[in-house]
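Scroll down for the structure; my scribbles are underneath it.
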Amino acid sequence: MKKIFPFIATLLFLMSCTNSNKTENIDDLIKAKNIKALNEKKALLQADIAKIEEALATLDVKKEEALVSIATVKDTIFNHYLEVQGSVDTKENIIVQPEFSGTLTSLTVKAGQTVSKGQILGRVDDAGMSQQLASLENQYALAKTTYERQKNLWDKKIGSEIQFLQAQTQMIGAQKGVAQMKSQLAKTVIRAPFSGTIDEVFVEKGQVVAPSIQGLMRIVNLGSMYVSTSVPETYIGKLKVGDQVDVFLSSLNKTYKGKVRQVGNFINPNNRSFGIEVGLPNPDNLLRPNQVAKLKIVDYTNTKAIVVPTNVVQEDGEGNKFIYIVEESNGKTGKAKKVIVTVGKSSDNVTEILSGLSADDVIVTEGVNNISEGMKLNF
């Protein structure tokens, strides 16, 4: 373009010099109403304009070719995802509380130790209940013996029925007394409620403990992990138990495959959402309660979809979505053609095309902003 302006300036200067010698000023010709001279002037100017246009066509050549990248579209499976954030948790994560007040006489575990369900973790002083149990067991043994003898007599029609019933009542009462004392004594033994790992111990042996005042230790089972989150109520019916979910944990930079194991039946009126739980495998034991997770839940699937990179879909001045495809291709070059399309859902940087494209169409994937209808394409 820098070469054009000097050329035009010189041309106009020569024109002005030539015209000044051949004709009078245009204004003077108009005032004189000299039609013949005005027509001559018009012809001269048209000739000069033609020369300028010819010069511009030679010097300012518009680019009619572009280097692009292309791709052939195929039928493929397209999944659209609902993406929400959730929190990792486990149902088996509790602080073990004592059921009986007293001195902690034994503590058999430490932090980091793996325990099984029912394993003894410690004992609280029973305050003499063991001796009381022994006494009650003796009373029960005597009452049982008395009942059995009385029953033998009663079976032989010896003695009265009231004696038999009294012996039976005494035995049953003694039996219940033993069972009740055993139940109370069992509360002095601290057992693991489920299999897991002792995460932390809060007390020491010899310390006085009491129910609901001080926890003894935290036990966690990392083998039954899940992610809880909330989804909008518009997804009612779209999510069901058993649906697969991709769960990404940024702290681990790892994606786990989970399944929806519970769908809530209550809509939160504050945010119009319902809760779901997604069960997670934990084979490498890296999941921890309260980790932040990003969930990708498939909410739409098309098994024979035409998809294109989202960035190749453009919009014209009339609001139409369009894509450039390649026509008259010989493998190295082709011609650009603008195709109006109807788009569907977008996910993972690709967009579903509902109409306008067919399988095996060749689309322009790179350089779409530098081309126009009919332009020659190199690839």
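The values are calculated or read from the model by the stated rules, or taken from the named source; none is laboratory data. The structure presented is a predicted model; accordingly, all values stated were derived computationally and were not measured. Cβ coordinates were reconstructed from backbone atoms using ideal geometry, including for glycine residues, and neighbour counts include every protein chain displayed.
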Exercise for the section: Within the range 104-157, track down each residue that is under 20 Å from residue 209 (Cα atoms) and of a type in the set (S, T, N, Q). Expected result: 105, 106, 108, 119, 130
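Conditions tested, residue by residue: (1) exposed (fewer than 14 other Cβ atoms within 10 Å of the Cβ); (2) in contact with a strand residue (DSSP E or B) (Cβ under 7 Å, 6 or more places away or on another chain).
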{"position": "292", "(1), (2)": "yes, yes"}
{"position": "305", "(1), (2)": "no, yes"}
{"position": "313", "(1), (2)": "no, yes"}
{"position": "317", "(1), (2)": "yes, no"}
{"position": "326", "(1), (2)": "no, yes"}
{"position": "339", "(1), (2)": "no, yes"}
Fill in the blank from the handout: In the range 201-231, residues that are closer than 30 Å to residue 255 by Cβ and not in a loop (DSSP other than H, G, I, E, B) total 10
Practice task
Take residue 296 and decide whether it is closer than 26 Å to residue 77 by Cα, touching a residue at least 60 places away in the same chain (Cβ under 8 Å) and basic (Lys, Arg).
Solution key: yes
Practice task
Check whether at least one residue in the range 25-37 is crowded, with 17+ Cβ neighbours inside 10 Å, out of contact with any helix residue (DSSP H, G or I) (no Cβ under 6 Å at 6 or more places or on another chain) and in a loop (DSSP other than H, G, I, E, B), and report yes or no.
Solution key: no
Practice task
Please work out which residue is modelled with the lowest pLDDT, limiting yourself to the range 69-89 and to residues that are hydroxyl-bearing (Ser, Thr, Tyr) and more than 13 Å from residue 360 (Cβ to Cβ).
Solution key: 81
Practice task
Specify which of the listed residues (324, 300) is within 30 Å of residue 65 (Cα to Cα), in a strand (DSSP E or B) and not acidic (Asp, Glu).
Solution key: 324
Exercise for the section: Among the residues of the range 337-351, write down those that are assigned to a strand (DSSP E or B) and either of a type outside the set (D, E, K, R) or at pLDDT 95 or above (or both). Expected result: 339, 340, 342, 343, 344, 346, 347, 350, 351
Handout entry: Filter result (out of contact with any Leu (no Cβ under 6 Å at 6 or more places or on another chain) and either crowded, with 19+ Cβ neighbours inside 10 Å or not polar (S, T, N, Q) (or both)) within the range 80-92
Key = 80, 81, 82, 83, 89, 90, 91, 92
Practice task
Answer yes or no as to whether residue 254 is surrounded by 14 or more Cβ atoms within 10 Å (Cβ to Cβ), under 20 Å from residue 81 (Cβ atoms) and either at pLDDT below 90 or charged (D, E, K, R) (or both).
Solution key: no
Handout entry: Meets criteria (among the hydroxyl-bearing types (Ser, Thr, Tyr), modelled with pLDDT under 95 and at positive phi) for residue 195
Key = no
Practice task
Quick one: which residue in 266, 274 is out of contact with any His (no Cβ under 7 Å at 6 or more places or on another chain), buried (at least 16 other Cβ atoms within 10 Å of the Cβ) and not assigned by TED's automatic domain parsing to the domain that holds residue 339?
Solution key: 274
Handout entry: Tabulated pairs, the range 242-268, first without any contact (Cβ under 8 Å) to a residue 60 or more places away in the chain, second among the acidic types (Asp, Glu) and not in a strand (DSSP E or B), C-beta under 6 angstrom, 6+ apart or interchain
Key = 260/243; 267/233
Practice task
Collect the residues in the range 352-372 that are of a type outside the set (Gly, Ala, Ser) and either surrounded by 14 or more Cβ atoms within 10 Å (Cβ to Cβ) or part of a strand (DSSP E or B) (or both), keeping them in residue-number order.
Solution key: 352, 353, 354, 357, 361, 362, 363, 364, 365, 366, 368, 371
